[in-house]
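This is the structure I want to talk about, given as structure tokens.
The values are calculated or read from the model by the stated rules, or taken from the named source; none is laboratory data. Bear in mind that the values here come from a model prediction, so they are computed numbers and not experimental data. Heads up, the Cβs are rebuilt from the backbone with ideal geometry, glycines too, and the neighbour counts pull from every protein chain shown. Only protein heavy atoms, including side chains, enter the accessible area calculation; ligands, DNA and RNA are left aside. Shrake-Rupley method; radii C 1.70, N 1.55, O 1.52, S 1.80 Å.
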Amino acid sequence: MTLWSGRFTGKLDAVAWLLNTSLPFDQRLAAQDVRGSIAWAGGLFKVGVLSETEHAAITNGLNQIAEEFSQNTFAFQESDEDIHTAVERRLGELIGAAAGKLHTGRSRNDQVATDFRLWMLDNLPLLAEAVTGLQTTLVAVAERNQTALMPGYTHLQRAQPVTLAHWLMSHFWSLERDKDRLADLRDRVAILPLGCGALAGTAFDIDREALTLSLGFDSPAQNSLDAVSDRDFAAEFLFCATMLGVHLSKLSEQMVLFTTAEFGFFELSDAYSTGSSLMPQKKNPDLFELSRGKAGTLLGLLTGMLATLKGLPSTYDKDLQEDKVPVFQAFDTLTMILPVLAGAIETMTVKPEKMLAAIDSAMLATDLADYLVRKGIPFREAHAAAGKSVRVAAEKGVSLDKLSMDEWQAIGRFESDVYNNFDPMESVKRRNATGGTSPDSVKKQINLAKSKI
Ligand code: ARG
């Protein structure tokens with residue numbers, strides 16, 4: 001039985017039913033649907049639509065239904081069009097005719113928007129927690145590797161030495177922004193549509209402020225037409241999810257590179273790598289590749305959602321039923337990837353000697369220019385001289401630190417202390433201003449990060 005069959009004599013075509021039903025995915029909103037209904041019953045009782053006995057029967061029935069959902073004993077029927085129908089149908093079985101009063105002054109339009117927002121309020125903290133899990137791992141591995149040096153890259157070309165801790169922490173901060181965004185999104189989720197009816201508002205004098213409080217929202221939606229229509233929060237969630245996915249992709253791309261034989265900076269543990277069905281020697285970083293790949297899927301979910309919203313007039317349109325699957329999919333994807341990445345990074349073996357061997361003396365050319373600057377030479381001139389030394393060394397086929405004193409003097413105003421410039425740790429230590437890669441500076445970063453997790 002649908003909630004709307006009164007006006008009809010015929011039955012919906014079987015395939016059309018499958019297209020129309022949302023139960024396969026909105027049953028995930030079961031707990032929220034029951035909570036919303038308990039709050040609504042309270043509102044109806046206060047305005048006298050429900051007697052005390054009816055209110056008690058409805059509340060008890062809904063609590064029993066909640067119990068059935070949590071015990072996984074709730075029996076859905078094929079005729080349940082959506083989660084709202086299923087709950088109301090079951091309530092009727094449990095308490096009889098009084099169940100028919102629950103939907104007074106309410107529509108599935110304000111109901112589903114409420115359920116979905118409740119679901120998001122419940123689940124945003126879980127996603128944030130999963131992000132914190134990865135951040136915690138990054139900080140822990142950074143703490144263990146505060147003096148391990150590696151090349152820092154720009155354009156994927158060797159640029160300047162950095163510490164592994166600094167590199168790991170770079171990913172901490174992008175995740176921190178993701179958490180900020182999720183926290184900020186909460187304010188726009190916590191606006192209550194319930195009591196807005198189908199579109200024009202409810203004709204019963206419901207205390208929506210009280211409803212707001214009882215459901216843990218911040219304020220009631222101020223315009224009923226907007227309230228049943230607004231899925232900004234779903235689109236915003238998908239943006240936050242995609243941005244997070246892009247950050248995980250960036251981290252994953254580097255993990256894929258750094259675990260190749262060519263880089264060899266890290267080796268993945270067996271628990272987080274996979275093999276090849278053909279090539280016995282292979283140890284593949286599939287999990288990082290999947291994380292990189294899923295960022296593309298997340299972006300598709302976001303653009304799909306925006307494309308759906310773009311064509312709609314205001315108030316409720318059935319297109320809006322398409323809001324839930326992408327949000328659930330994005331949530332499930334991220335809450336699966338995050339602990340896997342954390343586990344993989346936590347258990348990888350760092351190869352400090354490989355990282356150090358990848359630092360060549362040309363990566364200290366900036367330090368060479370800075371050295372001349374400290375002797376009073378303008379940076380532009382110093383840059384040109386250091387650049388020339390790199391060219392001369394390349395032409396001679398030697399590394400920069402192997403040029404002779406005569407060669408240095410032919411290039412520019414270098415003195416015998418020029419050779420002091422080729423210790424990568426000294427280069428790293430000099431970058432001691434806030435945000436720089438020096439161990440002291442990174443230590444401060446780590447401490448600040450720890451205060452945030
Ligand atoms: N299953 C619907 C959805 O997810 C519930 C709202 C249905 N409203 C309606 N007027 N048909 O959006």
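With more than 16 Å from the ligand (Cβ to nearest atom) and in contact with a Leu (Cβ under 8 Å, 6 or more places away or on another chain) as the only criterion, which of 351, 283 stands out? Let's see the steps before the verdict.
Numbers: 351 fails: in contact with a Leu (Cβ under 8 Å, 6 or more places away or on another chain).
After applying the criteria, what remains is 283.
Among the listed residues 149, 185, 175, which satisfies the condition of being in contact with a His (Cβ under 8 Å, 6 or more places away or on another chain) and crowded, with 18+ Cβ neighbours inside 10 Å?
175
Follow-up. Specify which of the listed residues (87, 49) is closer than 18 Å to residue 211 by Cβ, in a loop (DSSP other than H, G, I, E, B) and touching a residue at least 40 places away in the same chain (Cβ under 8 Å). Let's see the steps before the verdict.
Working: 87 fails: in a loop (DSSP other than H, G, I, E, B).
Matching residue, one of 87, 49: 49.
Is it true that some residue in the range 228-249 is crowded, with 20+ Cβ neighbours inside 10 Å, in contact (Cβ under 8 Å) with a residue 40 or more places away in the chain and touching a Cys at 6+ places or on another chain (Cβ under 9 Å)?
yes
Name the residues in the range 372-420 that are of a type in the set (Phe, Trp, Tyr), assigned to a helix (DSSP H, G or I) and touching a Phe, Trp or Tyr at 6+ places or on another chain (Cβ under 8 Å), would you?
In the first step, residues of the range 372-420 are kept if they are of a type in the set (Phe, Trp, Tyr); the result is 379, 408, 414, 419.
Now narrow it down to the ones that are assigned to a helix (DSSP H, G or I): 379, 408, 419.
Across the range 372-420, the qualifying residue is only 408.
Using the structure shown, decide if residue 342 is open to solvent by less than 60 Å² (accessible area, probe 1.4 Å), assigned to a helix (DSSP H, G or I), away from the ligand (no atom under 16 Å from the Cβ) and more than 30 Å from residue 129 (Cβ to Cβ).
Judged against the criteria, residue 342 is not a match.
Please go through (1) without any contact (Cβ under 8 Å) to a residue 60 or more places away in the chain; (2) away from the ligand (no atom under 16 Å from the Cβ); (3) more than 27 Å from the chain's Cα centre (by Cα) for residue 76 and return the number of the only condition it doesn't satisfy.
Among (1) without any contact (Cβ under 8 Å) to a residue 60 or more places away in the chain; (2) away from the ligand (no atom under 16 Å from the Cβ); (3) more than 27 Å from the chain's Cα centre (by Cα), the lone unmet condition for residue 76 is (2).
Please give the number of the condition residue 436 fails out of (1) farther than 30 Å from residue 290 by Cβ; (2) assigned to a helix (DSSP H, G or I); (3) not acidic (Asp, Glu).
Result: residue 436 passes all but (2).
A quick yes/no check of all residues on (1) on the phi > 0 side of the Ramachandran plot; (2) open to solvent by 70 Å² or more (accessible area, probe 1.4 Å); (3) aliphatic (A, V, I, L, M):
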| residue | (1), (2), (3) |
| --- | --- |
| 9 | no, yes, no |
| 12 | no, yes, yes |
| 16 | no, no, yes |
| 19 | no, yes, yes |
| 24 | no, yes, no |
| 34 | no, no, yes |
| 37 | no, no, no |
| 40 | no, no, no |
| 45 | no, yes, no |
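Now for a different question. Determine if the range 289-312 includes at least one residue that is of a type in the set (Lys, Arg), in contact with a strand residue (DSSP E or B) (Cβ under 8 Å, 6 or more places away or on another chain), away from the ligand (no atom under 16 Å from the Cβ) and farther than 27 Å from residue 115 by Cβ. Before you say what the answer is, go through the steps one by one.
We begin by selecting, within the range 289-312, every residue of a type in the set (Lys, Arg); these are 292, 294, 310.
Among the residues that remain, those that are also in contact with a strand residue (DSSP E or B) (Cβ under 8 Å, 6 or more places away or on another chain) are: none.
Taking every residue of the range 289-312 in turn, none turns out to be of a type in the set (Lys, Arg), in contact with a strand residue (DSSP E or B) (Cβ under 8 Å, 6 or more places away or on another chain), away from the ligand (no atom under 16 Å from the Cβ) and farther than 27 Å from residue 115 by Cβ.
Specify which of the listed residues (199, 126, 121, 194) is within 16 Å of the ligand (Cβ to nearest atom), touching a residue at least 60 places away in the same chain (Cβ under 8 Å) and open to solvent by 20 Å² or more (accessible area, probe 1.4 Å).
199
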